[in-house]
Each structure stands twice: as C-alpha cells, then as structure tokens.
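Q: The structure is given below, and queries will be raised subsequently.
The values are calculated or read from the model by the stated rules, or taken from the named source; none is laboratory data. Computed from a predicted structure; not experimentally measured. Cβ: placed from backbone, ideal geometry, glycine included. Neighbour counts: every protein chain shown. Surface areas here come from the heavy atoms of the whole protein model, side chains and all, with no ligands, DNA or RNA. Shrake-Rupley method; radii C 1.70, N 1.55, O 1.52, S 1.80 Å.
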Amino acid sequence: MDRQQDRDKNVHNGLVRLNSDVLFIIAEILRPERGLRPLSLTCWDIRRVSIPVLFRRAVVQSERLVRSDLDAFIPATLRPFIQSLTFVGAFPKPPRHSRPWTQVLRFPLKDALSEMTILRHVTITETMEAGIPLVVFMLTLGLPSLTDISVTGPIERGEVMPEEIQFPVSPLLSFRYQNLAPWRIPGRQYSPAAALVLRNVVDQARGTLKAFVAPAESIPVDLLPKQFWPCLEELSLVGERDTIERANAPLVYLLGTMSRLRTLHLSLTLTHKAKPQPVWPSQDDGRKMPWPRLEELMVTYPHPSDTLYRHLPPCLTRLSLRCWPRHYVHDTWLCNRMGWTSPIASSSDILAILRECTATGVTDLDVEFWADTDDLDLFHEIPCRFSHITHLTIHRYRALNTRNVPVNGIAAALAPLLHLRILRLHLDFIESPNTSTFADREERDHQIDVFFARLDSAAEVFAQVLSPSLLFVCFLNRQSESKNMWAPYHVRDAGDGTRRATFDVSAAAAHGVWIQDTLGPSYMDRYLTRGTRP
C-alpha cells in the first residue's frame with residue numbers, strides 16, 4: 001500500500017512540474033475520454049489548468065433566464081471560460097401583469113453574457129412553437145467575441161418596439177436560422193421580428209459571413225443584390241419561393257454578388273398560385289457565371305429551360321434536383337393546410353437538364369421525377385453524363401394508371417457506373433404499404449411482408465447487375481406518415497462468383513450510411529394541433 005502511494009505521489013509531482021501548455025494538451029486529450037474530471041480533482045494546480053477545458057462548453061435550460069439568481073443560469077466563476085453556449089427548451093412566457101418581456105430578460109441575460117468574454121458559439125434549440133424572444137437575439141448578436149450562431153425555432157410573433165429596429169451585430173462567420181418543421185407553423189406567416197433580425201445580420205455582417213442559412217419568408221431580398229459578399233461560401237434558403245420572387249428579379253441576379261459560393265441550397269416550395277421558374281432565365285444567357293467555385297448545388301422544382309445548368313463549373317461534385325419537401329410528403333392534408341403544391345418534374349425534364357449539364361465531375365447525384373416516355377433514357381443518360389458517381393439517390397414515381405416498375409431495365413441502365421458505392425431508390429412499388437395511422441394493423445403487417453419480399457427481389461437484381469463497387473442498395477420504406485427511412489441492403493460476394501444483397505441495418509451504421517429520408521407531418525401535426533380528430 002505504501003509503495004502504491006509513493007508511486008501515485010511521484011506521478012502527481014511529475015504532472016505538477018509540467019508547464020501549463022503541456023498540462024493543457026493533456027487536458028484536451030483526456031476530455032473526450034471522460035478522464036479529465038477525475039484528474040482535475042487531484043490538486044489545485046491541475047484543476048486550474050483543467051477548468052478552461054472542462055467548462056468551455058455550457059448547456060442550459062432556456063427557462064433559467066428568468067431566475068432571479070443568476071448563478072442558477074450559469075455560475076459567475078465559470079462564465080469567463082465558456083466558449084460555446086447552448087440554450088435548450090422553450091423560453092418561458094413572462095408572468096401576467098409583469099414588466100414587458102424585453103425588460104424581464106434584458107438585464108439578467110446582458111449581465112451574464114457580458115462576463116463571457118471568449119464566447120464564440122451560441123446554439124438555440126428545442127424551443128417548441130412558443131418562439132424565441134427577440135431580445136435574446138439582440139443581446140447575443142452584439143457580443144464582440146461571437147463568431148457563430150445556430151438557431152432552430154421561430155422568433156416570437158410580437159410587435160417590434162421602435163428601440164428594437166436596429167441593434168449591433170458582431171462580424172459573424174456563420175449565421176444559421178431554421179424554423180421548425182414547416183408544417184408545424186400554420187401558413188408560415190411572415191414574422192416582423194425574424195425579418196428585422198435578418199435585415200440587421202445582412203446589413204452588418206455580410207462582409208465576414210462564410211455560412212448563411214435563413215428562411216425565405218423573412219430574407220431581405222432588396223438588400224441581397226446591393227451588397228457584396230466577399231467571404232460567403234455557403235448559402236441555404238428554405239421556404240416558399242414566391243416570397244423571394246416579390247423582388248421581381250431572377251435568383252441569379254439576387255444572389256449574383258456571392259462570387260465565392262461553394263454550397264448553394266435552394267429548398268424552396270411552391271404555393272398553388274406559383275409555377276416553377278428558372279434560376280437563370282434564358283434571356284440573361286449572356287451573363288457570366290456568378291458562382292465559379294460552386295461545389296454543391298440543390299435546386300427544387302428545376303425548370304428544363306434553366307440556363308444555369310449549361311454554366312455549372314467543373315468543380316461541382318454534388319447536384320440535387322428534387323422537390324421540397326419530398327414529393328411523397330405532399331399529400332392532400334399538407335397541400336390544403338399549407339397552400340402548397342408539388343409540380344414534380346418529369347423524367348423528360350430531368351433528362352433535358354442533365355444533357356445540358358457541363359459539370360461532368362459530379363460524384364453525388366439526387367434526382368426526383370415522375371416517369372414518362374423518357375424514363376429509361378434518363379437512367380441511361382446518368383452513367384453517360386456522370387461516370388464518376390459514387391452516391392446516387394433517385395425518387396421515381398409511377399405514371400398514373402401504371403403498375404409495373406422496370407427493375408431489370410433500370411439496373412441494366414446503371415450498370416456502367418463503375419464507382420457507384422451507395423444507391424438509394426424510391427421506385428414507388430405498387431406493393432408499398434399503407435402509411436396511415438388508422439390503417440388496420442393486421443392488414444398493414446401483411447402489406448409490409450409483401451413489400452419487403454418485393455424489396456428482397458429487387459435488391460438481388462441490383463446486386464447481380466451493378467458494378468462490384470456497389471456496397472449498399474437502399475429502398476425507401478415509409479414506416480408511417482412521418483417516419484421515412486431507407487431500408488439498407490448490404491451487397492457482398494457470396495463466395496460462388498455471385499454477389500448477394502442482405503437487409504442489414506447494423507452494417508449500414510458501421511459504414512456510416514445515412515438511412516433517414518425526409519420527415520413528414522406526424523399524427524400530432526395533422527390532427528392534434530388543429531384541435532380536431534379525423
């Protein structure tokens with residue numbers, strides 16, 4: 001026992017003699033392995049070096065902002081070490097007959113944030129539908145050390161006070177603001193508070209922003225083409241396209257000053273009164289390509305006459321031409337409640353676009369369409385145009401009054417893809433089970449058995465016909481109205497010169513294969529939020 005104590009004492013003395021920089025490196029190594037906290041309790045010298053690593057990230061419940069005791073929010077002794085702060089949960093509403101909400105939060109939050117002198121990252125999540133108070137944005141965005149903010153949830157829908165119209169915004173590197181699932185927000189109403197936040201961010205931080213994610217409904221479209229974005233590399237706009245088109249200008253003009261873009265996601269749905277429009281109209285064909293460094297592009301409801309595709313740079317590696325949300329989510333309920341429509345492109349439309357596409361180095365392709373007479377021609381065009389594809393996602397919907405899916409023809413068309421590793425297919429099989437919450441359970445179980453027998457058969461065809469590089473073939477499995485997963489089949493050599501496909505979720509996880517597709521409206525979204533049952 002004495003010998004063990006002497007050994008521990010020698011180790012302790014050796015650690016203490018190390019300089020602070022070396023101890024800090026040791027702390028960084030131990031933190032992911034959860035070994036830092038026990039070490040930090042051994043002596044004060046090691047504790048002092050460990051504190052900046054132990055407490056650089058803080059996660060707090062949003063409701064604690066209204067506590068009178070600020071140490072219940074974050075202890076004052078720890079605030080100087082926090083570099084990353086996450087608010088979780090709904091912000092509470094102020095008590096009735098209390099001071100205005102801005103005053104209830106302003107002073108405790110301002111005092112706490114002022115002591116976080118090295119705070120760089122702020123995340124706000126799981127806020128539910130109550131909304132995030134505008135004052136939280138006002139105080140957070142003005143922190144001198146802040147570089148990144150990520151927010152999920154709506155900004156509260158209240159009146160904007162005159163003193164809130166303009167507030168300081170630090171030179172951010174990334175601003176990511178996403179609403180909840182779109183069908184959780186009735187009508188996706190325009191929010192003056194959200195528009196105010198985005199206007200201040202665009203006006204003051206455009207010179208430093210590298211990543212900008214925002215809802216289309218609140219984006220200040222009038223400022224976009226008037227400002228030069230010298231650093232912006234990632235742009236994602238999510239929402240209704242016609243709200244952007246109120247500027248009466250094509251997107252190639254509105255976004256034309258973002259010359260350093262590497263990622264452009266236009267996740268824009270259409271209302272019943274809107275029609276698909278080209279990002280780059282043919283009348284502007286003489287314009288120079290505004291995004292020569294583009295590596296990733298997603299366009300929803302692509303237009304076959306869009307000039308954009310013939311100007312895509314050779315550095316583009318990911319291309320997505322799809323619906324938003326996925327076409328299978330656009331059922332009667334969603335269209336009626338949200339006022340949306342999904343004019344999905346035909347296989348002829350996608351074929352015309354791909355034939356115009358100049359970016360032949362694409363390695364990740366995602367297309368969504370309904371099958372017409374050019375169906376198999378499109379599948380043949382894919383390997384001819386993009387021979388280096390490693391990841392391919394296809395959502396193909398059967399034409400009206402058709403039952404057959406040409407699995408063998410599709411497999412034969414894709415066989416020349418010699419580098420294909422992950423194939424995801426939604427072929428709209430007639431055997432697909434009923435996803436309704438109210439479907440008879442026994443009948444649904446039988447439908448699932450029949451459906452997976454169909455998938456087993458199709459997977460075997462692709463495993464035997466496609467290139468030996470194929471690792472997984474996945475089929476869309478709509479498990480419910482909201483849960484849409486990929487059923488992964490692991491393709492391996494059978495040992496007899498053939499290749500077999502086996503349903504294997506664990507193998508997909510081991511290889512890092514993502515198996516979740518677009519979430520749809522849940523039972524709660526569809527019925528309980530409306531206060532009625534079907």
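Q: Inside region 147-178, can you point out the residues that are within 19 Å of Val238 (Cα to Cα), modelled with pLDDT of 90 or more and either over 20 Å from the mean Cα position of the chain (by Cα) or open to solvent by 30 Å² or more (accessible area, probe 1.4 Å) (or both)?
A: Ser150, Arg176
Q: Let me ask something else about it. Answer yes if at least one residue in region 64-81 is open to solvent by less than 40 Å² (accessible area, probe 1.4 Å), of a type outside the set (Lys, Arg), at pLDDT 80 or above and in contact with a strand residue (DSSP E or B) (Cβ under 7 Å, 6 or more places away or on another chain), and no otherwise.
A: yes
Q: Okay, moving on. Which of the residues that make up region 282-319 are more than 27 Å from Val329 (Cβ to Cβ), in contact with a Phe, Trp or Tyr (Cβ under 8 Å, 6 or more places away or on another chain) and either part of a loop (DSSP other than H, G, I, E, B) or of a type in the set (Lys, Arg) (or both)?
A: Arg287, Pro313
Q: Mind telling me which of the residues Leu378, Leu392, Leu365 ends up being over 22 Å from Ala274 (Cβ atoms), open to solvent by less than 30 Å² (accessible area, probe 1.4 Å), of a type in the set (A, V, I, L, M, F, W, C) and in a helix (DSSP H, G or I)? Steps first, answer last, please.
A: Details: Leu392 fails: in a helix (DSSP H, G or I); Leu365 fails: in a helix (DSSP H, G or I).
Exactly one residue qualifies, and that residue is Leu378.
Q: Give me the residue from region 339-359 that is in contact with a Ser or Thr (Cβ under 8 Å, 6 or more places away or on another chain) and not small (Gly, Ala, Ser) and, out of that set, surrounded by the most Cβ atoms within 10 Å (Cβ to Cβ).
A: Only one residue fits best here, namely Trp340.
Q: Name every residue in region 328-371 that is under 22 Å from Asp306 (Cα atoms) and at pLDDT below 90, in order of residue number.
A: Thr341
Q: Taking region 477-491, which residues are farther than 10 Å from Thr518 by Cα and at pLDDT below 80?
A: Residues satisfying the conditions are Gln479, Ser480, Glu481.
Q: So Tyr309 fits all but one of (1) buried (at least 18 other Cβ atoms within 10 Å of the Cβ); (2) out of contact with any Asp or Glu (no Cβ under 6 Å at 6 or more places or on another chain); (3) modelled with pLDDT of 90 or more; what number is the exception?
A: (2)
Q: Identify the single condition in (1) at pLDDT below 85; (2) open to solvent by less than 60 Å² (accessible area, probe 1.4 Å); (3) under 30 Å from Ser259 (Cα atoms) that Ala181 does not satisfy, given that it satisfies every other one.
A: Going through the list (1) at pLDDT below 85; (2) open to solvent by less than 60 Å² (accessible area, probe 1.4 Å); (3) under 30 Å from Ser259 (Cα atoms), Ala181 breaks only (3).
Q: Quickly run through region 249-281 and pick out the residues that are open to solvent by 40 Å² or more (accessible area, probe 1.4 Å) and part of a strand (DSSP E or B).
A: Hit for region 249-281 is His265, nothing else.
Q: Within the set of pairs 6 or more residues apart or between chains, which connect a residue that is touching a residue at least 12 places away in the same chain (Cβ under 8 Å) and closer than 24 Å to Pro92 by Cβ inside region 143-156 to a residue that is of a type in the set (D, E, K, R) and surrounded by fewer than 23 Cβ atoms within 10 Å (Cβ to Cβ) with Cβ atoms less than 6 Å apart?
A: Here the result reads Ser150/Arg176, each pair linking region 143-156 to a residue that is of a type in the set (D, E, K, R) and surrounded by fewer than 23 Cβ atoms within 10 Å (Cβ to Cβ).
Q: Still on this model: Those residues that are free of Cβ contacts under 8 Å to residues at least 40 places away in the same chain and open to solvent by less than 30 Å² (accessible area, probe 1.4 Å), I need them from region 312-334; list them, please.
A: His330
Q: Among (1) more than 21 Å from the chain's Cα centre (by Cα); (2) modelled with pLDDT of 85 or more; (3) open to solvent by less than 30 Å² (accessible area, probe 1.4 Å), there is one condition Ile219 misses while meeting the rest; what is its number?
A: Ile219 satisfies all of (1) more than 21 Å from the chain's Cα centre (by Cα); (2) modelled with pLDDT of 85 or more; (3) open to solvent by less than 30 Å² (accessible area, probe 1.4 Å) except (1).
Q: Something else: For residues that are at pLDDT 85 or above and surrounded by fewer than 21 Cβ atoms within 10 Å (Cβ to Cβ), tally how many sit in region 114-134.
A: Number satisfying all stated conditions: 8.
Q: Would it be correct to say that Asp285 is surrounded by fewer than 18 Cβ atoms within 10 Å (Cβ to Cβ), of a type in the set (Asp, Glu) and within 27 Å of Phe369 (Cβ to Cβ)?
A: Details: surrounded by fewer than 18 Cβ atoms within 10 Å (Cβ to Cβ): yes; of a type in the set (Asp, Glu): yes; within 27 Å of Phe369 (Cβ to Cβ): yes.
Yes: the conditions hold for Asp285.
Q: Could you please give the count of residues in region 479-495 that are of a type in the set (Phe, Trp, Tyr) and under 21 Å from the mean Cα position of the chain (by Cα)?
A: Taking region 479-495 as the starting set, the residues that turn out to be of a type in the set (Phe, Trp, Tyr) are 486, 489.
Those left that are additionally under 21 Å from the mean Cα position of the chain (by Cα): 486.
Residues that pass the stated criteria total 1.
Q: Please determine, by comparing only the residues of region 82-94 that are under 13 Å from Ile132 (Cα atoms) and under 23 Å from the mean Cα position of the chain (by Cα), which one is modelled with the lowest pLDDT.
A: Ala90
Q: Then there is this: Within the bounds of region 457-464, is there any residue that is within 25 Å of Thr363 (Cα to Cα), of a type in the set (Ser, Thr, Tyr) and over 21 Å from the mean Cα position of the chain (by Cα)?
A: The answer is no; no qualifying residue exists.
Q: Of the residues in region 395-406, how many are hydroxyl-bearing (Ser, Thr, Tyr) and assigned to a loop (DSSP other than H, G, I, E, B)? Spell out how you get there, then give the answer.
A: Going residue by residue through region 395-406, those that are hydroxyl-bearing (Ser, Thr, Tyr) are 397, 402.
Among the residues that remain, those that are also assigned to a loop (DSSP other than H, G, I, E, B) are: 402.
Qualifying residue count, region 395-406: 1.
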